[in-house]
1. Net charge within 15 Å of Lys116 by Cβ-Cβ distance, Lys/Arg positive one each and Asp/Glu negative one each, not counting Lys116 itself?
2. Mind listing P(r) for the chain? All alpha-carbon pairs, 10 Å bins, whole percents.
3. Within 10 Å of each candidate Cβ there may be at most 13 other Cβ atoms; applying that plus a DSSP loop requirement, which trypsin sites (Lys or Arg not before Pro) in the range 24-59 survive?
4. I need the phi-derived Karplus couplings for the range 75-87: 6.51 cos²θ - 1.76 cosθ + 1.60, θ = phi - 60°, integer Hz, Gly and Pro marked x.
5. Once you've got the GNM for the chain with C-alpha springs shorter than 10 Å, pick whichever of Arg22, Arg60, Arg42 has the biggest mean-square fluctuation.
6. Write down, largest first, the equivalent ellipsoid semi-axes of the range 96-147 in whole Å, where each equals the square root of 5 times an eigenvalue of the alpha-carbon gyration tensor.
7. For a Förster distance of 30 Å, can you work out the FRET efficiency between the beta-carbons of Leu35 and Arg144, rounded to the nearest 0.05?
8. As a quick test, which of the pairs Lys34/Lys58; Lys16/Lys58; Lys30/Lys69; Lys34/Lys132; Lys78/Lys137 have an alpha carbon distance above 26 angstrom in this structure?
Amino acid sequence: MTTAEKVERDLVAAMKARQELRLSVLRMMKSALKLKQVELTRPLEESEAMTMLRTLVKQRHESAEQFRKGGREELAAKEEAEIKIVEEYLPAAASDEEVSAAVTAAIAETAAAGAKDLGKVMKAAMAKLAGKNVDGKRVNERARALLGA
C-alpha cells in the first residue's frame, strides 16, 4: 500500500471517528501529495512522497518556532501536534549513533580536512542515510563538530 493510499484510508477512518485535528492534517497531506503528483504529471514514487512529507514536517517546525517567537504558544503546540501525525507516515528517525557513524564514514571516504570540505561530507553522509528519516540540520551540526568548523 502506497503512502497516498494509506493517507486516504486513514482520512476516512478519521472522518468516521470525528477526529478534527487528525482529519485536518490528513487532508493537508493528501492535498500536498496530490499537488506534487499533478506537478509531475505521473503517480508519485514512494521516495517522492516521503520527501513531500518531510517538507511538511519541516514547515511545521519552522511555523512552531515563529509562533513561539511571537508569543503564541497555543498555535505552536498545534503545529507540534500536526508534526506528530505527519511523522507517523515517515520511516523511523535515524539515531544520533547512526548520524555520527554516517558522518564519520563520509569524512573518511571524502578525505575531508576542514570546513571547506563540508559540502562533500554532507552529500556523502546524506547518501548513506537515504531511506531514513533524518534532519539535514542534525547531520550538518555533527559534520561541523567532527570537522572542527
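1. On the way: positive: Lys120, Lys123, Arg144; negative: Asp117.
Net charge around Lys116: +2.
2. 11, 31, 30, 22, 6, 1
3. Numbers: sites: Arg27, Lys30, Lys34, Lys36, Arg54, Lys58; in loops: none.
Hits after loop and neighbour filter: nothing returned.
4. 6, 5, 5, 5, 4, 5, 5, 5, 4, 4, 5, 5, 5
5. Ranking Arg22, Arg60, Arg42 by mean-square fluctuation puts Arg42 first.
6. Equivalent-ellipsoid dimensions as semi-axes: 16, 11, 9 Å.
7. On the way: r = 34 Å, r/R0 = 1.15.
For Leu35 and Arg144, the calculated efficiency is 0.30.
8. Details: Lys34/Lys58 19 Å; Lys16/Lys58 29 Å; Lys30/Lys69 29 Å; Lys34/Lys132 23 Å; Lys78/Lys137 23 Å.
Lys16/Lys58; Lys30/Lys69, as the Cα separations exceed 26 Å there.
Coordinate-derived values only; no laboratory data. Everything quoted here is computed from the prediction, not taken from an experiment. Methodologically, a virtual Cβ is constructed for each residue, glycine included, from the backbone with ideal geometry; neighbour enumeration extends over all protein chains shown.
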